[in-house]
Each structure stands twice: as structure tokens, then as C-alpha cells.
1. S237 fails exactly one of the following numbered conditions: (1) in a helix (DSSP H, G or I); (2) touching an Asp or Glu at 6+ places or on another chain (Cβ under 7 Å); (3) not β-branched (V, I, T). What is the number of that condition?
2. Could you please give the count of residues in the range 333-348 that are at pLDDT 90 or above and over 12 Å from V273 (Cβ atoms)?
3. Considering only residues that are farther than 17 Å from L475 by Cβ and touching a residue at least 24 places away in the same chain (Cβ under 8 Å), which ones fall in the range 370-387?
4. Every residue in the range 391-424 that is in contact (Cβ under 8 Å) with a residue 40 or more places away in the chain and among the β-branched types (V, I, T), please.
5. When you go through (1) exposed (fewer than 12 other Cβ atoms within 10 Å of the Cβ); (2) at pLDDT 80 or above; (3) of a type in the set (S, T, Y) one by one for S321, which number turns out not to apply?
6. Among the listed residues Q253, Q265, which satisfies the condition of being of a type outside the set (D, E, K, R) and in contact with a helix residue (DSSP H, G or I) (Cβ under 6 Å, 6 or more places away or on another chain)?
7. Among the residues of the range 23-59, which ones are polar (S, T, N, Q) and more than 24 Å from Y470 (Cβ to Cβ)?
8. Counting only residues that are over 14 Å from Y70 (Cβ atoms) and either crowded, with 23+ Cβ neighbours inside 10 Å or touching a strand residue (DSSP E or B) at 6+ places or on another chain (Cβ under 7 Å) (or both), how many does the range 113-122 have?
Amino acid sequence: MELTSIRQKLKEELNKANYPVTDVTYDQFNSVVIFLDRNQLFRNVLGTVLNEKNEYGCKKCIEEKTVLLYNDSVCNYKCNVTSKEDVTLECVRSAVIQEHCVHLLKCHGYNVICPVYSSMIQRLKDFLPSLDDCFKDVEADGCNQHLELFFKSPYIFTTCDKNEEKPTQDNKIYVFDMKKYIQDKCLPSGKDCFDKNLNTCVVYEGKKSFSEEVLQSACYILQYCKEMNADICVHISKQNQAFNKQKVHLILQLMAEVEDKFMIQKHLVYGNVTQRKQDKDCGVNNAEDLFRLRYDQMRQAAIMKYSEGVHGEGWAATLESLTSACIKFEMLSCVHRNTLKLDISEDEDRSQSDGSFVMYNYARLSTLFKHFNEAVYDGTYPPLPPVDEIDFKTLREEAEWCLLYNYIYTYPTLIEQCVESIEKTDSIHLNIHTHKVCQMLCSLSRTLSSYYSRYHVLGEARSHLLPTMYARLYLLRAVQQIMENAFKLLGIQPLSQL
């Protein structure tokens with residue numbers, strides 16, 4: 001009786017989760033066996049995707065909170081970028097990661113702000129045009145207004161230069177006792193928390209009227225947070241700057257406390273960008289070199305496919321979009337904390353990169369639906385019936401089930417897993433899986449390409465073939481919607497034709 005009750009309860013819970021369960025049983029090894037109504041599952045999932053469209057996978061947030069993403073590479077007050085050659089590969093990686101984080105956090109219901117200096121954004125737009133949507137050009141007025149109360153904190157003590165006998169108003173050096181602050185506030189230290197080597201930090205030298213960089217950064221961030229009503233600050237930094245960023249974190253926390261402002265802070269650290277050993281003589285030293293190399297590879301691939309007709313403004317815009325997409329896929333190809341090793345060989349096979357392969361498969365779907373709509377218009381096919389009238393029992397192939405269950409149905413779960421709770425207190429690091437969406441798109445494209453090559457979708461307009469064609473069109477339209485949603489998270493505008 002107890003086992004029957006468990007089976008019934010499991011069946012009810014699965015049905016609540018949009019699983020049309022027909023039966024729950026167990027085998028001789030006591031393994032649970034769940035039977036699904038595949039026809040109804042296809043109808044439920046595909047209907048949901050096509051109804052929610054670009055909102056599929058996004059969370060509805062009751063209390064909207066504002067997150068400030070502060071990236072030193074694009075917002076440091078010392079930024080001095082006057083030409084394309086000044087943009088480093090690490091800077092491009094940080095901007096791509098930041099842009100992806102913006103869209104992921106927005107998808108989780110957060111309002112996101114990204115301050116940036118205008119000189120840097122103008123140069124980055126040469127490679128990543130979509131940055132317009134998420135980066136906000138702001139200028140900070142200075143930090144003196146935040147210092148008076150900060151210097152009166154019990155965690156700030158004064159000293160003087162070794163050559164001076166005693167500190168005076170002119171030669172005072174202000175030092176922040178970070179170790180005592182961490183101990184008194186019971187802040188976590190060790191792995192994934194504050195570095196145990198944080199001790200003291202010079203923040204201001206009165207003799208030079210000079211604020212140290214960590215103090216200036218903290219002042220600017222505090223000012224941005226106040227102006228934009230940000231509740232959460234995420235520090236984006238290179239691995240070799242992570243220690244200094246923790247100093248900024250502690251200074252900012254102390255400044256916020258003395259001004260009675262509560263703020264959550266997290267860190268997102270990214271690794272360096274290097275080249276594979278065999279490619280180090282290829283002359284790729286900055287973002288401009290990488291963009292030029294990838295653009296040439298895309299152009300050569302297009303010439304091989306379309307002959308010498310690859311010229312004109314239309315083709316140039318297409319190749320630039322492809323190149324930008326490919327660079328984004330490269331920058332997001334591995335875990336953000338890891339070092340990214342670029343393959344910058346001039347091998348023509350590089351034209352078949354993950355980015356171009358995914359874009360190509362999306363274009364194939366766009367072309368498929370274009371041909372179908374044209375055939376409907378000229379009377380070859382009847383119009384596509386509503387999804388409720390489709391017989392999905394005709395989708396019997398394993399590849400069709402794979403597309404539905406491994407990618408379409410699980411897409412919201414994937415997006416949810418990309419961002420762990422931003423308000424968790426057991427770590428100062430924000431764990432955003434910036435590589436997962438790209439990996440999903442690559443895997444989906446391989447499955448889709450195999451399916452598209454094996455099965456004919458637009459067949460003859462015979463009555464007994466139409467149900468299968470309609471079911472497959474709905475399945476592929478849902479796949480297309482998933483790809484569009486994922487492209488949006490990457491800041492990529494997909495191409496409908498290649």
C-alpha cells in the first residue's frame with residue numbers, strides 16, 4: 001500500500017512539472033520506470049516555447065534588484081585607449097564575459113548597469129557592436145565627498161614616512177587595517193573567500209594629496225551605486241588583479257557602512273588570453289590583429305563556397321557579423337577563471353569554428369521556413385495548422401526525441417544553472433557559468449545538422465505525409481526559438497542567410 005502511494009505521489013508531482021506521465025512502475029532491480037505520453041509532451045513543450053517566445057527560459061522576478069557590473073578593463077579611470085591597437089585580447093575577453101553576464105542576470109530578473117568610459121566603448125564597438133545595449137557611458141566627479149567619514153573609522157590609522165619623526169597634517173599616511181576589519185566583522189577567509197594575506201593597505205598620502213588606486217576605485221564605485229540605486233556590485237577583474245580587488249571590496253564595504261548603506265559585493269575573475277605554442281609567431285598581439293585574422297578566414301571560406309562573388313557592402317557586413325560571433329564563441333569557450341588558449345594558426349580549417357557552424361545551422365533553419373512560407377503562398381502546401389491539432393505521434397525518431405528532451409525542454413534549467421545565487425554569503429565569488437550557453441549551442445547544432453542531413457522535412461504535398469512534415473516543422477521552429485534566445489544572451493544578432 002505504501003509503495004502504491006509513493007508511485008501515485010510521484011506521478012502527481014511529475015505531472016505538475018509538465019511531464020504527462022501515464023504510469024510509474026518498477027522493475028526486478030527496484031529501479032523506477034516512468035512512462036510518458038510522448039505526443040502530449042511534445043505538444044506541451046513546443047506549445048510553451050512558441051507561446052513564450054523570447055521569454056522562454058527567463059525568470060519572473062517579484063522584487064527587481066539592480067546590479068552594478070564594474071569591470072576595470074573598460075571602466076578604470078586610468079583607461080587610455082585612443083586606437084584599435086590599444087585594445088588587448090584580455091580586454092575583449094572581459095567585455096564579452098561582462099556582456100554575457102548582463103544578459104544572463106537580466107534573464108534572472110535583475111536590472112543591470114555597466115559603467116564604461118566613452119573612449120573604451122568606442123574602440124570595443126569596432127569588434128563588438130552589440131555592446132551599445134548594455135554599457136552606460138558615465139563619468140565620475142571624484143571621491144573627496146566620501147573620504148571624511150571614512151578617515152574617521154576606527155579601522156583607519158595614521159603613520160608617516162620613515163624619514164619623518166612624527167605624523168603631521170601634511171605628511172600623514174592613512175592606512176586601512178584590513179585584517180582587524182575582517183576579524184571584527186567575522187568575514188570568511190580562505191578558499192573562495194578573502195585572501196588570508198590581506199593585512200594592511202595604504203589608502204592615502206597626505207604629503208602628496210594622493211589617493212591610492214584602490215581607494216579611488218572604491219569611491220567611484222560607491223558614487224555609481226548611489227546614482228543608479230544599485231543593491232549589488234560585481235567586480236570583474238583579471239586573475240593578477242584579484243588580490244587588489246579584494247582590497248577595493250573591503251574599502252567599499254567600510255565606506256558604505258559609515259554612510260549607512262548596505263551593499264552585496266561579489267567577484268568574477270577571468271583568466272589570461274594566450275596563444276598555443278605552435279602559433280606564437282603568427283603576429284596576433286591585440287584585438288585588431290585577431291579580428292583581422294578571423295575576418296580573412298571567414299572571407300576565404302566564403303570565396304571557396306560562393307566563388308569570387310564575395311564583395312560589396314552586403315558581404316562585408318555579413319562577414320563582420322560572422323567574425324564578431326566567432327570571436328565571442330572563442331572568448332566564452334572555457335570556464336572564465338581558466339586561461340584561454342587561442343588557436344591563431346592561419347589554417348583554412350579555422351573558418352569552420354564553433355561560431356560560424358552555429359550561425360550556419362541557424363541560417364539553414366531560416367531558409368527552411370522561408371521555403372515553406374513561399375510554398376504555402378503559391379499553394380504547394382496548406383498553411384501550418386495550430387499546434388493543438390498536430391499529431392506528434394509521427395515523431396518516432398530518436399533524434400527528434402533528443403532535440404526535444406536534451407535541448408528544448410531543458411533550456412530553462414540550463415539558464416537557471418548558469419547563475420548561482422548572487423546573494424549567497426558563503427563565498428565572495430559569483431559563480432556564473434559563462435561557457436554553458438555556447439557549449440549548448442554547439443552541441444545542439446551538431447545534433448541539428450545530423451538530423452537535418454538524415455531526414456527530409458519539406459516533402460511532397462501528399463495528405464499522408466503532411467502530418468509528419470507539420471510535426472517536424474513545429475519541432476524545428478522550437479529549436480530555432482531556443483537558438484534565438486541563446487543568441488540574445490550572447491549579444492549576437494543571427495543571420496537568416498549565409
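The values are calculated or read from the model by the stated rules, or taken from the named source; none is laboratory data. Given the structure is predicted, the values throughout are model-derived calculations rather than measurements. Here Cβ is always computed from backbone atoms with ideal geometry, including for glycine, and neighbour counts include all displayed protein chains.
1. Single failed check for S237: (1).
2. The total comes to 2.
3. Scanning the range 370-387 gives K370, A375, T380, P382.
4. Matches in the range 391-424: T394, I408, I415, V419, I422.
5. Going through the list (1) exposed (fewer than 12 other Cβ atoms within 10 Å of the Cβ); (2) at pLDDT 80 or above; (3) of a type in the set (S, T, Y), S321 breaks only (1).
6. Just one listed residue meets the conditions, Q265.
7. Residues satisfying the conditions are T25, Q28, N30, S31.
8. Result for the range 113-122: 2.
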